Amino acid sequence: MVARLEITILTAQPPFISIKVDNLIATVDYNGRQIDGDVEDVLSLGDLEGKWKAFGWEVITEDNGNDIESVIDVLNKAKELTGNGKPVMILLKTEMGQGVDYMMGTHKWHGSAPNDEQLSNALSQLEETLGDY
């Protein structure tokens with residue numbers, strides 16, 4: 001998956017930069033995990049910010065990607081950067097399973113769904129935001 005992602009990104013770069021697309025904001029949800037373990041242990045992405053900058057993008061890194069107010073703030077900052085001859089990439093550093101004690105800090109839930117008991121446990125740990133499921 002990582003190789004395919006990087007190939008897709010690499011092949012998409014020339015048109016964005018050569019035609020000076022500067023009204024584009026993209027995000028990468030970077031949780032540092034992949035299905036087989038931590039990204040750094042399995043297949044490192046290297047300097048992700050440096051790669052995007054080398055592609056000609058303006059890059060903003062948000063270390064608190066699980067916090068909606070931080071995400072809104074970084075999106076507003078990205079909007080201010082549009083129109084300057086470069087697309088904008090936001091790297092959102094997130095924690096998978098944020099707020100659920102048994103899901104945080106592990107890759108186990110990257111590709112597997114909780115059973116009914118686990119789901120009930122998870123939902124009991126999270127503040128309700130979307131109403132009754």
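General observations
- All positions within the range 57-71 that are touching a Ser or Thr at 6+ places or on another chain (Cβ under 9 Å) and either in a loop (DSSP other than H, G, I, E, B) or hydroxyl-bearing (Ser, Thr, Tyr) (or both): 63, 64, 65, 66
- Residue count for the range 19-49, restricted to those that are assigned to a loop (DSSP other than H, G, I, E, B) and touching a residue at least 12 places away in the same chain (Cβ under 8 Å): 11
- Verdict on residue 96 being of a type outside the set (Val, Ile, Thr), modelled with pLDDT of 90 or more, under 18 Å from the mean Cα position of the chain (by Cα) and surrounded by 12 or more Cβ atoms within 10 Å (Cβ to Cβ): no
- Tally, over the range 49-65, of residues that are surrounded by fewer than 18 Cβ atoms within 10 Å (Cβ to Cβ) and within 24 Å of residue 98 (Cα to Cα): 4
- Residues (modelled with pLDDT of 90 or more and in a loop (DSSP other than H, G, I, E, B)) located in the range 99-118: 99, 100, 101, 102, 103, 104, 113, 114, 115
- Residue 41 vs. criteria of a type in the set (Asp, Glu), touching a helix residue (DSSP H, G or I) at 6+ places or on another chain (Cβ under 9 Å) and over 19 Å from residue 26 (Cβ atoms): no
The values are calculated or read from the model by the stated rules, or taken from the named source; none is laboratory data. Here the structure is a predicted model, which means the values were calculated and not measured. Glycine also receives a Cβ, built like all others from the backbone with ideal geometry; neighbour counts cover every protein chain displayed.
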